[in-house]
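Undergrad: Could you have a look at this structure, given as structure tokens, before my questions?
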């Protein structure tokens, strides 16, 4: 399995903090935000990782992370020319990099401490399809993609920001895909906001009954607002002081 970290976008909701820098370079307590997904890849045992970013800031990210040797992995970089293309559009940049292997995709502004190694091994044992990761958010799940999950962990449906959510499980920015992901992306059409949406991609797998969901304990989408960025800083600070994070 190879890794893909998506670190593009315009981060309009975090301006003026992001007027001259990429949001993934903003600090979350004691390290840049993008360190968290890189370290999650390391913990999962993935050694080949591609980082995608926008033309304005890809050089800054590469200057910070280099070739990945400081983390014990090999980092490559790709530029998403259209920062409004969406998550699935950015994943498509990894087609040549993946070379027919499964991929683990992480959004670069997602902060979590769940060890993905066992889930990775489980997904590899299944061999095909997709695995997505959810977190229970009883009062806020409708702000995200909402996952309806069966007793076996198989995903029944995913609805993006529904008015009447079918569960309290919010879809996080953690995804595992088999090698068919790139052909599936080619079959997507842009949404009303002009993006190739990740929920649409995941629902192509759902239609084939090939998606399983793993629940994680906590997760913060730090790039969505000032409040979430502050919450990420406060939570990480608390967990570092308690010895739960480094």
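Undergrad: I need the full set of residues from the range 66-104 which are part of a helix (DSSP H, G or I), in contact with a helix residue (DSSP H, G or I) (Cβ under 7 Å, 6 or more places away or on another chain) and within 19 Å of residue 32 (Cβ to Cβ), in order please. Please lay out each step first, then the result.
TA: Within the range 66-104, the first condition is being part of a helix (DSSP H, G or I), and the residues that meet it are 69-71, 87-98.
Those still in the list that are in contact with a helix residue (DSSP H, G or I) (Cβ under 7 Å, 6 or more places away or on another chain) too: 71, 87-88, 91-92, 95.
71, the sole residue that qualifies.
Undergrad: Here's another thing I want to ask about it. Would you say residue 30 is surrounded by fewer than 17 Cβ atoms within 10 Å (Cβ to Cβ) and farther than 17 Å from residue 228 by Cα?
TA: No, not satisfied.
Undergrad: Now a separate question. Taking the range 30-46 as the region of interest, how many residues are modelled with pLDDT under 95 and in contact with a strand residue (DSSP E or B) (Cβ under 6 Å, 6 or more places away or on another chain)?
TA: So the count comes out to 0.
Conditions (1) at pLDDT 95 or above; (2) under 16 Å from the mean Cα position of the chain (by Cα); (3) closer than 25 Å to residue 19 by Cα, marked per residue:
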residue: 193; (1), (2), (3): no, no, yes
residue: 199; (1), (2), (3): no, yes, no
residue: 207; (1), (2), (3): no, no, no
residue: 221; (1), (2), (3): no, yes, yes
residue: 225; (1), (2), (3): no, no, yes
residue: 230; (1), (2), (3): yes, no, yes
residue: 234; (1), (2), (3): yes, no, yes
residue: 242; (1), (2), (3): no, no, no
residue: 245; (1), (2), (3): no, no, no
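Undergrad: Something else about it: Tell me which residues, restricted to the range 21-54, are outside any strand (DSSP E or B) and free of Cβ contacts under 8 Å to residues at least 12 places away in the same chain. Write out each step before concluding.
TA: Restricting attention to the range 21-54, the residues satisfying the condition of being outside any strand (DSSP E or B) are 21-26, 29-30, 33-47, 54.
Hit for the range 21-54 is 35, nothing else.
To keep it simple, each residue is scored yes or no on (1) in contact with a helix residue (DSSP H, G or I) (Cβ under 9 Å, 6 or more places away or on another chain); (2) without any contact (Cβ under 8 Å) to a residue 40 or more places away in the chain; (3) surrounded by 15 or more Cβ atoms within 10 Å (Cβ to Cβ); (4) closer than 29 Å to residue 99 by Cβ.
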{"position": "127", "(1), (2), (3), (4)": "no, no, no, yes"}
{"position": "142", "(1), (2), (3), (4)": "no, yes, yes, no"}
{"position": "164", "(1), (2), (3), (4)": "yes, yes, no, no"}
{"position": "167", "(1), (2), (3), (4)": "yes, yes, yes, no"}
{"position": "182", "(1), (2), (3), (4)": "yes, no, yes, yes"}
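Undergrad: Specify the residue that is surrounded by the fewest Cβ atoms within 10 Å (Cβ to Cβ); the eligible residues are those in the range 88-120 that are out of contact with any strand residue (DSSP E or B) (no Cβ under 6 Å at 6 or more places or on another chain) and farther than 17 Å from residue 48 by Cβ.
TA: In this case the residue turns out to be 118.
Undergrad: Next question. Would a scan of the range 189-212 turn up a residue that is closer than 19 Å to residue 37 by Cβ, free of Cβ contacts under 8 Å to residues at least 40 places away in the same chain and out of contact with any helix residue (DSSP H, G or I) (no Cβ under 7 Å at 6 or more places or on another chain)?
TA: no
Undergrad: Another question, then. Please name all residue pairs, on different chains or six or more residues apart, with Cβ atoms under 8 Å, provided the first residue is in the range 230-246 and is surrounded by 15 or more Cβ atoms within 10 Å (Cβ to Cβ) and the second residue is modelled with pLDDT of 95 or more and assigned to a helix (DSSP H, G or I).
TA: Listed pairs, sorted by first residue: 245/236.
Undergrad: When you look at residue 131, is it at pLDDT 95 or above, touching a strand residue (DSSP E or B) at 6+ places or on another chain (Cβ under 6 Å), surrounded by 14 or more Cβ atoms within 10 Å (Cβ to Cβ) and farther than 29 Å from residue 12 by Cβ, yes or no?
TA: Yes, satisfied.
Undergrad: Another one. Which of the residues that make up the range 18-27 are surrounded by fewer than 14 Cβ atoms within 10 Å (Cβ to Cβ) and in contact with a helix residue (DSSP H, G or I) (Cβ under 9 Å, 6 or more places away or on another chain)? Break it down into steps so the answer makes sense when it comes.
TA: First, the residues of the range 18-27 that are surrounded by fewer than 14 Cβ atoms within 10 Å (Cβ to Cβ): 19-20, 27.
Listed by number, the list holds a single entry, 27.
Undergrad: Where residues in the range 47-61 are surrounded by fewer than 22 Cβ atoms within 10 Å (Cβ to Cβ) and modelled with pLDDT of 95 or more, which of them is farthest from residue 117 (Cα to Cα)? Walk me through it before giving the result.
TA: Our first condition is that a residue be surrounded by fewer than 22 Cβ atoms within 10 Å (Cβ to Cβ); within the range 47-61, this holds for 47-48, 54-56, 58-60.
Filter once more, keeping what is modelled with pLDDT of 95 or more: 47-48.
Working: 47: 12, 48: 15 Å.
Applying the filter and picking the extreme gives 48.
The values are calculated or read from the model by the stated rules, or taken from the named source; none is laboratory data. Since the model is a prediction, treat every value here as computed from it, not as a measurement. Don't worry about glycine lacking a Cβ; one is built from the backbone with ideal geometry, like all the others, and counts go over all protein chains shown.
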